[in-house]
Amino acid sequence: MLIQRLLPPDLFATKTVFVTGGGSGINLGVAKHFAALGAQVAICGRTQARLDAAAEELRALGARVCPVAADVRDMAALQAALSRCREELGDVDVLVCGAAGNFLAPAEQLSANAFKTVVDIDLLGSFNAARAAYDQLRRTQGSILFISAGMAYMPHAFQAHVGAAKAGIDMLMKNLALEWGSHGIRANSIVPGPIDGTEGMKRLSDPGQQAQFVGGIPLQRMGTVDDIGQAAVFLASPLASYITGCVLVCDGGQNLAGSAFFNQGAQQMLRAQTRT
Ligand code: HXC
Ligand code: NAP
C-alpha cells in the first residue's frame, strides 16, 4: 500500500477505528488503510460471515479486529456493537459511516418503502452511528468520516433516493461539525467518484460502459479503493487537525463534467434490466 511508504506505520497506533459497512468494498479498503498504519479496527454490517472474512484480511495487516454484526437502522444493535468494540478495543477515535444501499430506479417507480429503505440505511444509519459513538468520541476528541456520493450535490438519473439520502448526510456532517467542534470532535465527508470493482459500480453501470465512464473523468481513470483509503487516513490524521465540516471530493474531477454521461449509461442499463 502506498500509504505505508508515505506515512509512519504507527500513525494510528493506540487508535480505534469503527467502520459501518466495513465488511466489503470501499469501506473495507478504508479499514485496511487504518489497519496498515497501526489502528485497531471494528467493522459492522448485517452479515457476520462477510465481516469474519474481512476481519481476517485486516488481521493479516497486523490489526486487532472486532467484527460485529449490526444493522445501522437498528439503534439498539449499533449501541451494543459500539459497547462491544469499547470492551475489546477501547473508545472509538475514528468513526467511519459507510454503510449504504443503492439500486437504479426511476422516481415514479420507487415505492415509498424503497425510498425510505435507502434513506434509513444511509442517512438514519449515519446519524445512529454518530449518536451511538458520541460519548466515546467526546472522550477521545475523535473524528467522524461520512462516505457520501456525488448524488448529494448533483442530480443523477434514477438516484432520487440516493441523492436525498447522501445530501442529508453531508448536511448532518456539517451540523455535527458545528455542534460537536467545541467538544473536540471533527466531522468531514468524503465523496468517492466511480470506484473500480465495487458493488456500487456493479449496480449503477454496465461493465461495457467503463470506457464511457473513464472518458467523462478529467483524470482519465476510474478511482480505486486505495484512493478513498488515502483520503480517509488524511482526514482522520493530525495533518487535518484544523479541517472540519469539509466535503472532500475524491473523484478525479468527474463532477466537473456533470452527470449526463452517467444518466445515459444508467438509462441503457435500466432498459436492459427491464428486458431481462
Ligand atoms: C426498485 C427496489 C429495488 C430495485 C429493492 N427495492 N430493490 N425498488 N428497484 N432494484 C425496494 C423493495 O421492493 C422494497 O420496497 C424496498 O426497496 C426494500 O427492499 P428490501 O429488499 O426489503 O430491503 P433490504 O433487505 O433492507 O435491502 C436494502 C437494499 C439492498 C438497499 C434494497 O439492495 C441492499 O442490501 N443493499 C446493500 C448493498 C449495496 O446496495 N451496496 C451498494 C452501495 S453503493 P417494497 O415497496 O416492495 O416493500 C452506493 C453507490 C453510490 O451507494 C454512488 C456510486 C457512483
Ligand atoms: P458495498 O461493498 O456494498 O458496501 C456497503 C456495505 O454496507 C456492505 O458491506 C454492506 O454489508 C453494508 N450495509 C448495507 N446495508 C447495511 C445496513 N443496513 N446495516 C449495516 N451495514 C449495511 O458498496 P461500495 O460500492 O463499496 O460502497 C461503499 C460506500 O461508498 C457507500 O457509502 C457508497 O454509497 C459509497 N460510494 C460508492 C461509490 C462507488 O463507486 N462504489 C461511489 C460513491 C460513493 P451487508 O450487506 O453485509 O450489511
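All of the numbers you see were taken from the coordinates with simple rules; none came from a lab. Source: prediction; values computed, not measured. Note: ideal-geometry Cβ built from the backbone for every residue, glycine included; neighbour counts use all protein chains shown.
Return 134, 242, 153 ranked ascending by Cβ neighbour count within 10 Å, so the fewest neighbours appear first.
242, 153, 134
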>> Quick check: residue separation of residue 264 and residue 241 times 0.36 nm, minus the Cα distance between them. What number comes out in nm?
In response: 4.2 nm
>> I need the peptides 223-230, 47-54 ranked by packing, meaning the mean over residues of other C-beta atoms within 10 angstrom, with the highest value on top.
In response: 223-230, 47-54
>> On C-alpha positions alone, give me the angle between the axis of helix 125-140 and the longest principal axis of the chain, in degrees, nearest 10.
In response: 20 degrees
> What spacing in nm lies between the two simple spin-label points modelled at residue 59 and residue 116, each 7 Å away from Cα in the Cβ direction?
Replying inline: 4.0 nm
> Can you tell which of 91, 120, 206 shows the greatest fluctuation in a Gaussian network model of the chain with Cα springs below 10 Å?
Replying inline: 206
> Which angle between 0 and 90 degrees, to the nearest 10, do you get for helix 25-36 versus the longest principal axis of the chain when only C-alpha atoms count?
Replying inline: 30 degrees
> If the cut-off is a Cα-Cα distance under 21 Å, which lysines reach residue 174, setting aside same-chain residues fewer than 8 apart in sequence?
Replying inline: 166
> If you take the Cα Rg of the stretch 139-236 and divide it by 2.2 N^0.38 Å, with N the number of residues, what do you get?
Replying inline: 1.23
> Going 7 Å from the Cα of residue 199 in the Cα-to-Cβ direction, what parts of the stretch 47-71 have a backbone nitrogen less than 19 Å from that spot?
Replying inline: 47-58, 66-71
> In deg cm²/dmol and to the nearest 500, what is the mean residue ellipticity at 222 nm of the chain if only DSSP H runs of at least 4 residues count, each as -39500 (n - 2.57), divided by the residue total?
Replying inline: -14500 deg cm²/dmol
> Hey, fewest Cβ within 10 Å first, where do 14, 117 land in order?
Replying inline: 14, 117
> Among all the lysines, which ones have a C-alpha under 21 Å from residue 15's C-alpha, if same-chain residues fewer than 8 places away are not counted?
Replying inline: 32
> Per-residue HN-Hα couplings for the stretch 48-60, Karplus 6.51 cos²θ - 1.76 cosθ + 1.60 at θ = phi - 60°, whole Hz, x for Gly and Pro?
Replying inline: 4, 4, 5, 5, 5, 5, 5, 4, 4, 5, 6, 5, 4
> Taking a label point 7 Å from the Cα of residue 73 along the Cα→Cβ vector, which residues of the stretch 122-139 have an amide N closer than 17 Å to it?
Replying inline: 122-129
>> Using the Kirkwood radius over C-alpha pairs as Rh, can you work out the diffusion coefficient of the chain via Stokes-Einstein at 20 °C, viscosity 1.002 mPa s, in µm² per second?
In response: 114 µm²/s
>> Let's see if you can work this out: charge +1 on each Lys and Arg Cβ, -1 on each Asp and Glu Cβ, no other charges. What is the dipole magnitude of the chain about its Cα centre, in debye to the nearest 20?
In response: 100 debye
> Among residues other than residue 253 whose Cβ falls under 14 Å from its Cβ, what is the net charge (Lys/Arg +1, Asp/Glu -1)?
Replying inline: -1
>> From the alpha carbon gyration tensor of the stretch 1-149, can you work out the equivalent ellipsoid semi-axes (sqrt of 5 times each eigenvalue) and give them in Å, largest to smallest?
In response: 27, 17, 14
> Taking K and R as +1 and D and E as -1, what net charge do the other residues with C-beta under 12 Å from the C-beta of residue 228 add up to?
Replying inline: -3
